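**Student:** Pasting a structure here, questions to come.
The values are calculated or read from the model by the stated rules, or taken from the named source; none is laboratory data. Here the structure is a predicted model, which means the values were calculated and not measured. Cβ: placed from backbone, ideal geometry, glycine included. Neighbour counts: every protein chain shown. For accessibility, only protein heavy atoms count, side chains too; no ligands or nucleic acids. Shrake-Rupley method; radii C 1.70, N 1.55, O 1.52, S 1.80 Å.
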Amino acid sequence: MHNKTLSELSALLHNGDITSVELTKHFLNRIKTHNGNLNAFISITEESALAQAAAADKQFAEKTAGKLTGIPMAHKDIFCTKGVRTSCASKMLDKFIAPYDATVVEKIAASGMVMLGKTNMDEFAMGSSNETSFYGPVKNPWDIERVPGGSSGGSAAAVAARLTPVATGTDTGGSIRQPSSLCNLTGLKPTYGRVSRYGMIAFASSLDQAGPMAANAEDAALLLNVMSGFDERDSTSVERDVPDYTANLNDSLEGLRIGLPKEYFGEGLSPEVAVTIEAAIKEFEKLGATVKEISLPNTALAIPTYYVVAPAECSSNLSRMDGVRFGHRCDDPKDLLDLYQRSRGEG
């Protein structure tokens, strides 16, 4: 059951071959069995998940269910979830219970999906190995001696181990794409402004973007369909219609042009990765696509630019973690400066 795609699970639910409660219990049992070895989840919301699943089954009975109704999923623990701990994998927010839902959480809940819990991550989304979490490192389910990548490593490990069919992640400088690669998944960083950042705890606001993590392209497209859309609460949200991202997945590749930047094939490229890319290129050509070398001459400036923008913005965003408004607060501060310093140091 856990190896089925979203479309296959949807068909089973709509045909009455399985209930959402049964499906949710199946994945909750897998989490209980395997999460101890993987550490992919920070919080498991069993009680509310079963309540959501029961509500989904009522929709099936009333013939009002949608495509994704009743299917379990998980959220990276960077999204605010009303009444549920939202920690960002930091001691600073270990006891923080969000008073509202992020827009992404709202939209996915409105689709009828069932939240199984919140996944582990690098603390405040800073890292690329998922070893910096206050709750301990996440293990790669293909080989628990290896990292799953980060910062969305918990989501990647959970989907790869089939503890959840799909999960959300966030990507600032590769935090969906890299763990998806390391865990053999489909992961996408959508164009900036496509998915609302409201209620997503900020790292670098001009780079952060939420996206889907799934076992295949169709599942990622289905999740992106419900995540995307304009949100007036996010001033950087793009007011544009959301297309059906599944519409052209099975179209012929005949005539498609693929550009390969030559700057991506220089020093530092692993030989094993190069072989895999070359095999993929040959497959695309067999399917009718034309592959052409192109140049992106400013590529070398990308990392220096990132390391100006990201640290500046995260310094500003994380200054709110000061022990005053929310998060960890030290005991018996002598003065305001002591409150700031010890709260941040301890948290």
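**Student:** Would you check which residues across the range 21-63 are of a type in the set (Val, Ile, Thr) and closer than 30 Å to Pro137 by Cα and list them?
**Tutor:** At the first step, the residues of the range 21-63 found to be of a type in the set (Val, Ile, Thr) are 21, 24, 31, 33, 42, 44-45.
Correct list: Thr24, Ile31, Thr33, Ile42, Ile44, Thr45.
**Student:** Moving on to the next point. Ser206 - would you say it is over 17 Å from Ser128 (Cα atoms), open to solvent by 40 Å² or more (accessible area, probe 1.4 Å), hydroxyl-bearing (Ser, Thr, Tyr) and modelled with pLDDT of 95 or more?
**Tutor:** Working: over 17 Å from Ser128 (Cα atoms): yes; open to solvent by 40 Å² or more (accessible area, probe 1.4 Å): yes; hydroxyl-bearing (Ser, Thr, Tyr): yes; modelled with pLDDT of 95 or more: yes.
So Ser206 passes the test.
**Student:** Specify the residue that is surrounded by the most Cβ atoms within 10 Å (Cβ to Cβ); the eligible residues are those in the range 145-161 that are out of contact with any helix residue (DSSP H, G or I) (no Cβ under 6 Å at 6 or more places or on another chain) and closer than 11 Å to Ala40 by Cβ.
**Tutor:** Ser155
**Student:** Can you name the residue in the range 186-200 that is in a loop (DSSP other than H, G, I, E, B) and open to solvent by less than 30 Å² (accessible area, probe 1.4 Å) and, of all such residues, is farthest from Ala220 (Cα to Cα)?
**Tutor:** Of all residues in the range 186-200, those in a loop (DSSP other than H, G, I, E, B) come to 188-194, 196-199.
With open to solvent by less than 30 Å² (accessible area, probe 1.4 Å) added as a condition, the list becomes 190, 193, 196, 199.
On the way: Pro190: 11, Gly193: 18, Ser196: 17, Gly199: 21 Å.
The extreme case among them is Gly199.
**Student:** If a residue must be under 21 Å from Ser315 (Cα atoms) and of a type outside the set (D, E, K, R), how many such residues does the range 150-191 contain? Talk me through it step by step, then tell me what you get.
**Tutor:** To start, the set of residues in the range 150-191 that are under 21 Å from Ser315 (Cα atoms) comprises 150-152, 170-175.
Next, from what is left, pick out any that are of a type outside the set (D, E, K, R): 150-152, 170, 172-175.
Of the residues in that region, 8 qualify.
**Student:** Continuing with this model, one more query. Hey, does the range 235-250 have a residue that's hydroxyl-bearing (Ser, Thr, Tyr), open to solvent by less than 40 Å² (accessible area, probe 1.4 Å) and under 23 Å from Ser7 (Cβ atoms)?
**Tutor:** At the first step, the residues of the range 235-250 found to be hydroxyl-bearing (Ser, Thr, Tyr) are 235-237, 245-246.
After this cut, where a residue has to be open to solvent by less than 40 Å² (accessible area, probe 1.4 Å) as well, the list is 237, 246.
Next, only the ones that are under 23 Å from Ser7 (Cβ atoms) stay: 246.
Yes: one or more hits.
**Student:** Look through the range 116-131, keep the residues that are of a type in the set (D, E, K, R) and not in a strand (DSSP E or B), and return whichever of them is nearest to Gln341 (Cα to Cα).
**Tutor:** To start, the set of residues in the range 116-131 that are of a type in the set (D, E, K, R) comprises 118, 122-123, 131.
Of the ones still in play, those that are also not in a strand (DSSP E or B) are 122-123, 131.
Details: Asp122: 22, Glu123: 19, Glu131: 25 Å.
The selected residue is Glu123.
**Student:** Name every residue in the range 307-325 that is assigned to a loop (DSSP other than H, G, I, E, B) and open to solvent by less than 70 Å² (accessible area, probe 1.4 Å), in order of residue number.
**Tutor:** Quick first cut of the range 307-325, residues assigned to a loop (DSSP other than H, G, I, E, B) only: 321-325.
If the condition is that a residue be assigned to a loop (DSSP other than H, G, I, E, B) and open to solvent by less than 70 Å² (accessible area, probe 1.4 Å), then Met321, Asp322, Gly323, Val324 are the ones that fit.
**Student:** Residues in the range 265-300 that are of a type outside the set (A, V, I, L, M), surrounded by fewer than 12 Cβ atoms within 10 Å (Cβ to Cβ) and either part of a loop (DSSP other than H, G, I, E, B) or in contact with a helix residue (DSSP H, G or I) (Cβ under 8 Å, 6 or more places away or on another chain) (or both): how many?
**Tutor:** 9
**Student:** Now for a different question. Which of the residues that make up the range 34-66 are surrounded by fewer than 16 Cβ atoms within 10 Å (Cβ to Cβ) and of a type in the set (D, E, K, R)?
**Tutor:** Glu46, Glu47, Lys58, Glu62, Lys63
**Student:** In addition: Out of the residues in the range 8-33 meeting the condition of being out of contact with any Lys or Arg (no Cβ under 8 Å at 6 or more places or on another chain) and polar (S, T, N, Q), tell me which one is most open to solvent (accessible area, probe 1.4 Å).
**Tutor:** Filtering the range 8-33 for residues that are out of contact with any Lys or Arg (no Cβ under 8 Å at 6 or more places or on another chain) and polar (S, T, N, Q), the one most open to solvent (accessible area, probe 1.4 Å) comes out as Asn15.
**Student:** Still on this structure, please answer the following. Given the options Gly259, Gly255, name the one that is open to solvent by less than 70 Å² (accessible area, probe 1.4 Å) and assigned to a strand (DSSP E or B). Please lay out each step first, then the result.
**Tutor:** Values: Gly255 fails: assigned to a strand (DSSP E or B).
Testing whether each residue is open to solvent by less than 70 Å² (accessible area, probe 1.4 Å) and assigned to a strand (DSSP E or B) leaves just Gly259.
**Student:** For the range 87-116: of the residues being under 21 Å from Ser196 (Cβ atoms) and in contact with a His (Cβ under 7 Å, 6 or more places away or on another chain), which is surrounded by the most Cβ atoms within 10 Å (Cβ to Cβ)?
**Tutor:** Step by step, filter the range 87-116, then rank; the result is Val105.
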